[in-house]
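FYI, it's all coordinate maths here, none of it is from the lab. Small disclaimer: the values here were computed from a predicted structure and weren't measured. Glycine also receives a Cβ, built like all others from the backbone with ideal geometry; neighbour counts cover every protein chain displayed.
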Amino acid sequence: MMGSQIRDISLAPSGKKKIKWVESHMPILQKIRKDLVDAQTFAGKTVVMSIHLEAKTAYLATVLHDAGAEVIITGSNPLSTQDDVAAALATEGITVYATHACTDEEYTAYLNCALDHLPHLILDDGGDLTALLLTTRQDARARLLGGTEETTTGVNRLRNWDKEKSLAFPMIAVNDSLCKYLFDNRYGTGQSVWDGIVRTTNLVVAGKNVVVAGYGWCGKGVAMRAKGLGAHVFVTEIDPIKAIEAVFDGFTVLPMEEAARQGDLFVTVTGCKHVIDARHFPSLKEGAILCNGGHFDVEIDMQTLRETAVHTETARANIQAYTLPNGRTVYVLAEGRLVNLAAADGHPAEVMDLSFALQALALEYVQKHAELLETRVYVLPPQIDERVARIKLDSMDCHIDALTSEQYAYLYHRGEV
Ligand code: NAD
Ligand code: SAH
């Protein structure tokens, strides 16, 4: 574990068990691993990863390592790092800079330590690593070929940097592949957000008024699963088209100022800031529960909530109670950070299998095409999406039809007759 900064190396056996369990549920990555390892695709390359450091991520890190890379890993959220998994990786020849519940200063210091290794390739989740490379750590770009970004907000940040002409290397928007957002953002978040909420609160969902802020890919999943659990689902949006989708999916759409008065449980999944803030806190019902499945800890204005509360206490592990000046007490899960990762294990292995198969292939793509890639944001070619989808179907023993030559000609050559 040369150079790693982790909590406790003796936790490694527990982390190894977690990694072994997810590996057995990640057949796509197992298959891709074989190809990458046989070819030693990443031999001589240093890969720096900043992403939720739990078991599925750890399996991806070992795949890259076994395919020849020197792998350096840090977290992408102070609360999602699992110390036993970090310890396991540190015993596997991977350099780890991550501890659960680190301070903001430690979080940034870990990112900087990782960048000291001068990556050829980066894997980012949310854009914090990339932001450093574009600002204070331009020195760490000395060998950089490019990288990949996992999530919607990170891709939004990349596109803004590109627009402002401050992006300095090619980045692949893995989030924008169909096999990523259709499954990870929708079904992954749809399940794991409820996993986090139910584990943390141990309360029933049926019959509750659940307010889902944002009806994008994550919001659709969270709302769909809330309905399945028997909740009355309300949706808030700023986009008129998404709002119509929510109405046609059978949900009540209303502004947050009204929803605040009605909700028992709120989930923000917008990628936006202050979606629930001082405009809404006084309207919340006694006992309302707030949590975030979107980005960082900004969707609920935690600073204002902390400053205005007349009393605060821990109600239960990962649940903070805030008594407001009007005497009502509301609860926030996981400090307003991603409830599925800060209070549970994130998306299930079968979902991260799709996302991380794409990540491995995206890193291979950057490595192979480095000389041709320009400084901009790329989406992976559709053939890579299709390859991942076909391996997934095979792994589920699910078979689909193929076009006959007559059907193919009918669909694609009609204009030529
Ligand atoms: P998306 O762009 O598909 O959806 C976001 C939606 O929020 C949009 O429809 C937008 O109109 C709406 N919105 C924006 N500001 C709003 C506001 N103030 N009030 C109400 N609605 C608002 O994005 P997505 O893929 O659903 O991702 C949402 C967030 O979740 C991002 O930050 C993303 O990085 C994150 N994410 C988290 C997980 C997880 O594991 N928890 C998984 C994937 C993505
Ligand atoms: N770092 C930011 C960015 C949001 S993370 C933050 O913490 O707020 C959202 C991403 O987490 C998603 O795109 C999803 O692919 C990823 N994710 C979800 N479950 C995960 C898991 N079990 N392991 C690793 N990453 C996961």
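Report the far tail of the P(r) of the range 51-187, meaning the percent of Cα-Cα pairs longer than 18 Å.
Result: 55 percent of Cα pairs exceed 18 Å.
Got a sec? How would C398, C102 order by Cβ neighbour count within 10 Å, fewest to most?
Details: C398 8, C102 21.
Fewest-to-most ranking of C398, C102: C398, C102.
Over all Cα pairs of the range 120-220, how is the pair count split among 10 Å bins, expressed in % and running from 0 up to the last occupied bin?
Whole-percent P(r) values from 0 Å outward: 14, 36, 24, 18, 7, 1.
Among A309, A213, A349, which one shows the highest mean-square fluctuation when the chain is modelled as a Gaussian network with alpha-carbon springs under 10 Å?
Comparing A309, A213, A349 in a Gaussian network model of the chain, the most mobile one is A309.
Sequence-distant or interchain residues sharing an amide H contact under 5 Å with A315, placed H: which?
For A315, the qualifying residues are Q320, A321.
Quick check on the range 284-381: of the DSSP beta bridges with both residues there, what percent are antiparallel, nearest 5%?
Percentage antiparallel, nearest 5: 75.
What is the spread of the Cα atoms of the range 276-417 along each of their three principal axes, largest first, in whole Å?
74, 37, 33
Under 19 Å from the Cα of K18, which aspartates and glutamates turn up, not counting those fewer than eight places away in the same chain?
Here the aspartates and glutamates satisfying the reach criterion relative to K18 are D8, E54, D66, D83, D84, E92, D195, D345, E350, D353.
Mind telling me which of A206, A131, A259 comes out most flexible in a GNM of the chain, alpha-carbon contacts under 10 Å?
In this elastic network of the chain, the residue with the biggest mean-square fluctuation among A206, A131, A259 is A206.
Considering the alpha-carbon set of the chain alone, what are its Rg and its Dmax in angstrom?
Expressed in Å, the Cα Rg and Dmax of the chain come to 22.0, 77.
Which of the pairs K34/K56; K220/K273; K56/K163; K56/K208 have their Cα atoms more than 23 Å apart in this structure?
Flagged as over cut-off: K56/K163; K56/K208.
Considering the convex hull of the alpha carbon atoms of the range 44-92, report its projected area averaged over all viewing directions, in nm², one decimal.
That works out to 2.9 nm².
For the chain, what is the calculated [θ] at 222 nm in deg cm²/dmol (nearest 500), taking -39500 (n - 2.57) for each run of four or more DSSP H residues and dividing by its residue count?
Theoretical 222 nm ellipticity from helices: -12500 deg cm²/dmol.
Considering only DSSP beta bridges whose two residues both sit in the chain, what percent are antiparallel, to the nearest 5?
Here the antiparallel bridges make up roughly 20 percent for the chain.
Quickly rank 352-358, 157-163 as a protection proxy: mean count of other C-beta atoms within 10 Å, highest first.
Highest-to-lowest ranking by the protection proxy: 352-358, 157-163.
How are the C-alpha pair distances of the range 95-136 spread across 10 Å bins, as whole percents from the shortest bin up?
Pair shares across the bins are 26, 63, 12.
What residue among H280, H347, H120 shows peak mean-square fluctuation when the chain is described by a Gaussian network model with Cα springs under 10 Å?
H280
From the phi of every residue in the range 251-267, what ³J(HN,Hα) in whole Hz does the Karplus formula 6.51 cos²θ - 1.76 cosθ + 1.60 yield, where θ is phi - 60° and glycine or proline is x?
Along the range 251-267, the couplings run 9, 8, 9, 7, x, 4, 4, 7, 4, 4, 6, 9, x, 9, 9, 10, 10 Hz.
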